[in-house]
Each structure stands twice: as structure tokens, then as C-alpha cells.
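The values are calculated or read from the model by the stated rules, or taken from the named source; none is laboratory data. None of these values were measured; they are calculated from a predicted model. So basically every Cβ, Gly included, is an ideal-geometry build from the backbone, and we count neighbours across all protein chains shown.
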Amino acid sequence: MSELIFEPALDDLVASEVDVYASRNENNAKLIDRQDPIVYASKEQPSPLDRSLIDTYNEQGFVVLDGVFSPDEVATFQQELECLRTDSKIQKFDEVVNEPNSNDLRSIFRVHESNPLFKALAVDERLADLARYLLDDEVYIHQSRLNYKPGFRGKEFYWHSDFETWHVEDGMPRMRALSMSITLTENFDCNGSLMLIPGSHKKYVVCVGETPEKHYLASLKKQEHGVPSDACLKTLAAQGGIVSAIGKPGSVIVFDCNVMHGSNGNITPFPRSNVFFVYNALSNKVVNPFCAQAPRPEYICSRESIHLVPRSHGEKLNA
Ligand code: 6CS
Ligand code: FE
């Protein structure tokens, strides 16, 4: 008689598997090899982008696409940005994060659900089709945020791999996610534009230090855990250099979940405001966090509200 085989649920499977991306549970920081593909689609699959751009993304871990959105669309985004920034009512929401030591607005999370314009932008085929291609799967929004990086006093985002945080604190199993940062104001090389280390996505930076309880209350203002050691950062920068992703408003910075990035403070009068959408492959849905803390709130990590990004049938964003 054939034996009964009970297939463990993914959660149990993932939880019982060795954590190939364990971090923050040893005392020695180190670099290990990435254990996942970067571009999941095969070369035979039709690509929404020129192959040379896909190759750049594969090799560097990011690609900057200029002029994706029209000046009219950009003007609508900027109007919305200003509306939200000056709306004193939003300060009471958890989704709103102010700059450390000031009431300047730093980020608004979950705009893909709370704001009709950014909700429509998150599913725009110019973004979603590319995400589905690179991840070779249906996708959902793991996280979205408006990062204002205001002029004069906008503070930095220290170096980090998003995946290290999303794996350890959100339970994202594998490197099958990516971010798209749409520039809403001009990203100059002087106003705190995104800095990335080309090729760093091929290494996983194991960080030291335990994850504090409710770490996000501090890390979204100033991240001090889940950041690379000086030695690891030095090694990655020596290998790949550091590139500033600059671009006119309406450009899109597409970057892999594991590329090392950060941004300097902004003391210029020119805000560096971008909206970020994180696309996660449906097959890579978050499971239990890989740290001892409780799951982060829904406005930072979609867990209960996982909605497939629908494939559009030619509707255009009515921005
Ligand atoms: O903790 C997070 O999910 C956020 N932290 C940073 C610095 N980048 C990714 C994300 O917004
Ligand atoms: Fe980040």
C-alpha cells in the first residue's frame, strides 16, 4: 500500500528550511554569494525593454529609464505631492514618517492603496509589465512610499540592501522582488539622489546585531540595524564603485531588491521627491519573519492585503 505523503505548507517548508539568507544572528559581518537569479525571464521571452537595458539591469542590479512619464503626467504627480505635503490632517496617520529631529515630512507609506493617483500609477503597464517580465511571475505591491527628501534639511538613508530588511523583518523568502522609483522632482547629483553600488546585488551582506522590537519606528527615520559593516561596504564599493541615479522628473530607477544603495542628506533648496513601488513575485509571498520579532504592520509590508497587480488592456493613466 502506497504511503501517505503529507506536503508541508509553504510556511512550514520555508520555516523548516535552512535560512540561506540568515542575517543579524551572528557576530561576524560577511558577504556571501547570491543564491537566486536576477532576471527570471528567459531570453526567449519577449521583453518590454530593449535587451541592452535588461542586460544592464542584470549586470549592475539597476537601470535608469529616462522620460517614461510625460510632462503633463509629472505635473499631476507634483500637484498631488504638494497636496499631501501641505495637508496637516495626514500627520495623524501611522503611514506618515517625519524627518528625525524636525517635523519635515520624510515618507508616506502605502500610497498604492491610500491615494487614487498613486494607486493607478502602481499598476501602470509601463511599470507592472516590466516587473512581471523581470520577476517572471504575477506581482503584488509589497510596499510603496513617497520619499520627500525635502530641501535644506532632508536627511540621509544610510547604505542598506532592501532585501536584507524584507527577508529578516518581513519574511520575504527569496530575492524575487524589485523596486521602481519614479522621480517626481529632478534628481540631481547634489540633492540626495539615490546612490547605488553596481554589481552589489550579486553578494548578500550578512549584518550583525539583533533586530530590536518595533525596529521600524526608528529604522524608517534612521537605519542603524541591518546595515553593512564598514569592511563589507568598502569591499563592495571597491569592486563596483558608486553611481548616483540622476534624472529628470518622470524617469524610473528600476533596482533589484538586493542592490546596495543609500542616499545622502539634502541641504540644497531642491527637494528630491520620488515615489517607490516594490513589486514582489506572487510565488515569493512573505512568510513569517526570519527574526524573533512580530511581523511589521501592513502599511510597511503587505501580508493580509495581497492583491495581484492586474494586467491592463491598454488603459492609460489618466494623470
Ligand atoms: O524598511 C524598509 O522596508 C524601508 N527601509 C529602507 C531604508 N529602504 C526600503 C524600505 O523603504
Ligand atoms: Fe531602500
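Listed residues P228, P295, P198, P289; which is within 13 Å of ligand 1 (Cβ to nearest atom), within 19 Å of the chain's Cα centre (by Cα), of a type outside the set (D, E, K, R) and more than 27 Å from H112 (Cα to Cα)? Even if it seems obvious, please write down each step before you answer.
Numbers: P295 fails: more than 27 Å from H112 (Cα to Cα); P198 fails: within 13 Å of ligand 1 (Cβ to nearest atom); P289 fails: more than 27 Å from H112 (Cα to Cα).
Being within 13 Å of ligand 1 (Cβ to nearest atom), within 19 Å of the chain's Cα centre (by Cα), of a type outside the set (D, E, K, R) and more than 27 Å from H112 (Cα to Cα) holds for just one of P228, P295, P198, P289, which is P228.
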Worksheet item: Considering the range 272-295 alone, what residues qualify as being buried (at least 21 other Cβ atoms within 10 Å of the Cβ) and under 26 Å from P100 (Cβ atoms)?
Response: R272, S273, N274, V275, F276, F277, V278, C291
Worksheet item: What number goes with the only condition from (1) closer than 27 Å to C83 by Cβ; (2) of a type in the set (D, E, K, R); (3) within 16 Å of ligand 2 (Cβ to nearest atom) that E164 does not pass?
Response: (1)
Item to complete: Give me a count of the residues in the range 3-40 that are over 26 Å from C207 (Cβ atoms) and at pLDDT below 55.
Response: 7
Response to the item:
The number of residues in the range 174-202 that are surrounded by 23 or more Cβ atoms within 10 Å (Cβ to Cβ) and part of a strand (DSSP E or B) is 10
Discussion item. For the structure I just gave you, tell me whether S305 is surrounded by 15 or more Cβ atoms within 10 Å (Cβ to Cβ), among the polar types (S, T, N, Q) and either away from ligand 1 (no atom under 13 Å from the Cβ) or farther than 24 Å from S107 by Cβ (or both).
Written reply: no
Worksheet item: Among the residues of the range 228-265, which ones are more than 16 Å from ligand 2 (Cβ to nearest atom) and under 14 Å from F188 (Cβ atoms)?
Response: I246, G247, K248, P249, S251
Worksheet item: Which one of these does A281 not meet: (1) within 13 Å of ligand 1 (Cβ to nearest atom); (2) touching a strand residue (DSSP E or B) at 6+ places or on another chain (Cβ under 9 Å); (3) not polar (S, T, N, Q)?
Response: (1)
